[in-house]
Amino acid sequence: MAHGRCTGSASTGRPGTMLGAVLRMRLRVLRRHLRLRGRRRPRPRRGGGGAAGSGEERAREPVLLVSGMGGSVLHARRRSDPKFDLRVWVRILLADLEFKKYLWSLYNAQTGYVESLDDDVEIAVPDDDHGLFAIDVLDPSWFVELLHLTMVYHFHDMIDMLLDCGYVKGTTLFGYGYDFRQSNRIDKAMAGLRAKLETAYKASGGKKVNIISHSMGGLLVRCFMSMNHDIFSKYVNKWICIACPFQGAPGCINDSLLTGLQFVYGFESFFFVSRWAMHQLLVECPSIYEMLPNPNFEWKEKPIVQVWRKNPEKDGIAELVLYEATDCVSLFEEALQNNELNYNGKTIALPFNMSIYKWATETRRILENAELPDTVSFYSIHGTSYETPYDVCYGSESSPIGDLSEVCRTVPTYTYVDGDCTVPVESATADGFPAKERVGVRADHRGLLCDENVFKLLKKWLGVSENARTRVMKSQIADMLPERIPDQVSL
């Protein structure tokens, strides 16, 4: 992989006039609708793509879709009121308000779990539609349907494609969503994945399961494989991994711990969770710490965080301070030492959490010890040809940082490498497994879930084809350098 870097500023996402923003959004919606009109059809009521009892479908191996960071619907439920059930992620209307009220949380170092600030609230993932509901359209409201806001269409297109190929919900097609705030190795997530594998195995008549994971979902699957090797070998036939940050996502994750994370920009951001609100959640999320760049990995060029700082001993002259992955903890600690939020009139301190960092260090050890069973075939897809944040810089020579807490209110500049806008190619391809095929596709991180060329690869590896019609599109699959796999492909 060419590891060329280029530098640029982070987008601020500032819209123009309200009317102009509305018109731009409606034009995007119209273009998307026209492009997809003829491709999407109403799903069969019974969830299949053809005769549910055909011999071909009975012989099909089940597929389990595993989502990544932010890729599951989350509901808030009150212990004191069994009837209370509110979707808090994702939601477009009242997004920021409900997010702060129900999803802000604190890490419990005694249990390893993240717990909501409101003791009466528990966060649950709906298991409707055999687990597919939680990872399909993340905000299934009338508002999203009316405006066709595809930014929350997650596994939707892939589920449609698999149904078109004859998969049947509850027999050969399942989904696994989970509370992505928690650690990728937490007991509840591991038990949930095991139960889902067992269900798919039994429902299909004892056929092994083919897993398709996206993003952080690959880390969760890898943790499960490392901690439950025999069970993984018993139930899994193929693992197809899409855009997994095996060695971390340096630019995105380093910056998310310091300034937060923004999922959408422009006019749509008014309907979504703010960057600051998201920041207060991520500081207490073990899953985020587990995606920090791996300090033990031999990067071609080590990712760094740079800060232009005023040197008080030299009359405030600006100096560029560099922090490598192993040094960033000191930066995080100093920058976040005064970080706090207000919840129901109470001020709650949210500094960099060393307990979570230690937990994440053990998770990294578990990930590195994972071994692929000889009976499981591994396939990998990663996004290419998009500028992906790698190094992060705060302040400038002309406007240096005084107190490091100012970093949390600073718009960073990035040094970019090749990737999918989130995960660098170098990280996504560093799985360490003897892959059957490892292919790069020109698509961004979320776009890989609805990319026609990804679908072409999935159908090839699953050994299926669509019943209704064949999708045709000029190939944009990037050439891959052969590793040591003799049947490595270039399409």
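The values are calculated or read from the model by the stated rules, or taken from the named source; none is laboratory data. All of these numbers come straight from a predicted model, not from anything done at the bench. As a convention, Cβ positions derive from the backbone with ideal geometry for all residues, glycine included, and neighbour counts pool all protein chains shown. These accessible areas exclude ligands, DNA and RNA; they are computed on the full protein's heavy atoms, side chains included. Shrake-Rupley method; radii C 1.70, N 1.55, O 1.52, S 1.80 Å.
Does Arg409 meet the test of being basic (Lys, Arg), within 27 Å of Met278 (Cα to Cα) and modelled with pLDDT under 95? Against the criterion (basic (Lys, Arg), within 27 Å of Met278 (Cα to Cα) and modelled with pLDDT under 95), Arg409 qualifies. Of all residues in the range 378-407, none satisfies the criterion of being without any contact (Cβ under 8 Å) to a residue 60 or more places away in the chain, out of contact with any Gly (no Cβ under 7 Å at 6 or more places or on another chain) and either open to solvent by less than 20 Å² (accessible area, probe 1.4 Å) or closer than 20 Å to Glu301 by Cβ (or both).
Checked against the criterion of being at pLDDT below 95 and among the acidic types (Asp, Glu), the range 466-473 has at least one qualifying residue. Has the range 152-171 got at least one residue that is under 28 Å from Ile253 (Cβ atoms), in a helix (DSSP H, G or I) and modelled with pLDDT under 95? Yes - at least one qualifying residue is present in the range 152-171.
When restricted to residues that are small (Gly, Ala, Ser), at pLDDT 95 or above and open to solvent by 10 Å² or more (accessible area, probe 1.4 Å), the range 236-283 contains 0. For the range 429-452, a residue qualifies if it is of a type outside the set (Phe, Trp, Tyr) and either farther than 16 Å from Tyr386 by Cα or out of contact with any strand residue (DSSP E or B) (no Cβ under 9 Å at 6 or more places or on another chain) (or both), and the qualifying residues are Ala430, Asp431, Gly432, Pro434, Ala435, Lys436, Glu437, Arg438, Cys450, Glu452. Taken together, Tyr178, Tyr102, Tyr167 contain a single residue that is free of Cβ contacts under 8 Å to residues at least 60 places away in the same chain, among the hydroxyl-bearing types (Ser, Thr, Tyr) and open to solvent by less than 30 Å² (accessible area, probe 1.4 Å), which is Tyr102. The single condition among (1) touching a Leu at 6+ places or on another chain (Cβ under 9 Å); (2) acidic (Asp, Glu); (3) open to solvent by less than 70 Å² (accessible area, probe 1.4 Å) that Glu115 does not meet is (3). If only one of Glu371, Glu334 is in contact (Cβ under 8 Å) with a residue 60 or more places away in the chain, touching a helix residue (DSSP H, G or I) at 6+ places or on another chain (Cβ under 6 Å), within 28 Å of Pro424 (Cβ to Cβ) and open to solvent by 60 Å² or more (accessible area, probe 1.4 Å), which one is it? On inspection, the qualifying residue turns out to be Glu334.
Checking each residue of the range 50-61 against the condition of being at pLDDT 95 or above and part of a strand (DSSP E or B) gives no match.
Looking at the structure I just gave you, is Thr172 surrounded by fewer than 20 Cβ atoms within 10 Å (Cβ to Cβ) and not aliphatic (A, V, I, L, M)?
no
For the range 303-312, the criterion of a residue being open to solvent by less than 50 Å² (accessible area, probe 1.4 Å) and under 28 Å from Ser213 (Cα atoms) is satisfied by at least one position.
The combined condition, being closer than 30 Å to Cys450 by Cβ and modelled with pLDDT of 95 or more, is not fulfilled by Ile348. All conditions in (1) open to solvent by 20 Å² or more (accessible area, probe 1.4 Å); (2) touching a helix residue (DSSP H, G or I) at 6+ places or on another chain (Cβ under 9 Å); (3) more than 18 Å from Asn210 (Cβ to Cβ); (4) charged (D, E, K, R) hold for Glu198, with the sole exception of (3). Tell me whether the range 178-198 contains one or more residues that are assigned to a helix (DSSP H, G or I), under 19 Å from Val125 (Cα atoms), in contact with a Phe, Trp or Tyr (Cβ under 8 Å, 6 or more places away or on another chain) and of a type in the set (S, T, N, Q). No, the range 178-198 has no match at all. If the condition is being of a type in the set (A, V, I, L, M, F, W, C), surrounded by 22 or more Cβ atoms within 10 Å (Cβ to Cβ) and assigned to a helix (DSSP H, G or I), then the range 126-151 contributes Ala134, Ile135.
Could you say which residue among Thr361, Thr410, Thr429 is free of Cβ contacts under 8 Å to residues at least 24 places away in the same chain and either open to solvent by 20 Å² or more (accessible area, probe 1.4 Å) or not β-branched (Val, Ile, Thr) (or both)? Step by step, each of Thr361, Thr410, Thr429 is checked, and only Thr361 is free of Cβ contacts under 8 Å to residues at least 24 places away in the same chain and either open to solvent by 20 Å² or more (accessible area, probe 1.4 Å) or not β-branched (Val, Ile, Thr) (or both).
Among the residues making up the range 218-234, those that are open to solvent by 10 Å² or more (accessible area, probe 1.4 Å), over 21 Å from the mean Cα position of the chain (by Cα) and either closer than 22 Å to Ile381 by Cα or of a type in the set (A, V, I, L, M, F, W, C) (or both) are Met227, Ile231, Ser233.
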